[in-house]
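Comments concern the structure below.
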């Protein structure tokens, strides 16, 4: 018979999930929120342990209710019962389905009423940094079922928890980064002129799985592109274009391990790089390394940005910047807070895992992306950046991605 942790489907021990809930309740008390109603997959996973085996359409929606008083409840399709019992620590689960009667939104509203929340403050994922993973119809139906309740945004509260990683979350991320680094290395060792972007990406994807990346859902993402006609295609999927002499090959992304992302970037050049390519790469690498050295607890993320941007501007490439951001947080999502932006007032804290990736573009590419002029002029020499995954520690930082940052030269 299945139960919590059956068949190796338990991501964390029960005490870790309960600790997250207890921390959430303390923040809820501070914000005068009586319950959380969560629907985004990453949030449901974070608090309950339940995650799908693949990407699921919205008809298979989940609702997680975390009350300030009382026990949490997961509302989910009955078809997921076996999965839920193996993955989640929660004992209160309400199922819905064709033969059980009742609309899911009505069931959620009824559960909230039974928990005494009819006229209380309910926090949910309203802010732009999160998503309500149910239809507008369902969300409005829940609100109509609780006309005296007040629905407020709880995104900042949730991010305050999710941005600080536990020791086990850090362990999973380290393993994820290790897998991606080994896969990237294998890909670059196989790289040659005439190979297609897709062939290159397949080598890396296969290596990720061979090294132990998550089999389901396979969330690995690779932005593999090269050549002046491809430099403007931000986060582009691999194409059938074949590598030519003079190409800067961009490999950006990573895999997941136990649901936790890695996100690194390394570059290669097909043949000897031009003087300009070498100069731009060296400036981008120096900006990244200077920014990493600035990372420590209580430092403003804007200060990390500033030192990286200063290197680029002092090197004469200020006009080659597309934005004033140089990185982002990493966890259950590949892009999440904290955002390393020049205008941010947020400070780094021990347990945060962030990426650092100041990026500069050659002239025709950056002008096109800044909407300066009309049609893109083929002839750009590249997009230049390296990206590492950095853990903020009590005394400073730890680079989790010890893969060489040198420009890989394909002779």
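Coordinate-derived values only; no laboratory data. Being a predicted model, the structure only gives us computed values, none of them experimental. Quick reminder, even Gly has a Cβ in these numbers, built from the backbone with ideal geometry, and neighbours come from all protein chains shown.
Which value in deg cm²/dmol, rounded to the nearest 500, describes the helix-derived mean residue ellipticity at 222 nm for the chain, given -39,500 (n - 2.57) per DSSP H run of n ≥ 4 and division by the residue count?
-11000 deg cm²/dmol
What does a probe at residue 71 reach in the range 93-136, counting residues whose amide N is under 12 Å from the point 7 Å along Cα→Cβ?
Taking a point 7 Å out along Cα→Cβ of residue 71, the residues of the range 93-136 whose backbone N falls under 12 Å are 93-94.
Going by how many other beta carbons lie within 10 Å of each one, how would you line up 91, 106, fewest first?
The order, fewest Cβ neighbours first, is 91, 106.
Starting from the 7 Å offset along Cα-to-Cβ, what nm value, one decimal, do you get for the label separation of residue 229 and residue 406?
Calculated label separation equals 3.3 nm.
Tell me, what is the FRET efficiency for residue 306 and residue 166 to the nearest 0.05, using R0 = 22 angstrom and their Cβ-Cβ distance as r?
Given R0 = 22 Å and the Cβ-Cβ separation, E is 0.15.
Please report 90, 258 as a ranked list, fewest other C-beta atoms within 10 angstrom at the top and most at the bottom.
In order of increasing Cβ crowding within 10 Å: 258, 90.
Using alpha-carbon pairs under 8 Å, 6+ residues apart, how would you state the relative contact order of the chain in percent?
Taking the mean separation of contacting Cα pairs over the length of the chain, I get 14 percent.
According to a simple spin-label model (label point 7 Å from Cα along Cα-to-Cβ), what is the distance in nm between residue 375 and residue 345?
4.8
Between residue 19 and residue 151, how high is the FRET efficiency from 1/(1 + (r/R0)^6) when r is the Cβ-Cβ distance and R₀ = 22 Å? Nearest 0.05.
Step by step, r from the Cβ atoms, then E = 0.25.
Grab the beta carbon distance between residue 258 and residue 95, set R0 = 35 Å, and tell me the FRET efficiency rounded to 0.05.
In this case the efficiency is close to 0.85.
Just to be sure I understand: of the beta bridges DSSP finds with both ends in the chain, what percent are antiparallel, rounded to 5?
Percentage antiparallel, nearest 5: 75.
Let a ≥ b ≥ c be the square roots of the eigenvalues of the Cα gyration tensor of the range 167-410; is it rounded (a/c under 1.5), or, if not, prolate (a/b larger than b/c) or oblate?
oblate
Using Cβ contacts closer than 10 Å as the measure, can you line up 99, 252 from fewest to most?
Sorted ascending by nearby Cβ count, the order is 99, 252.
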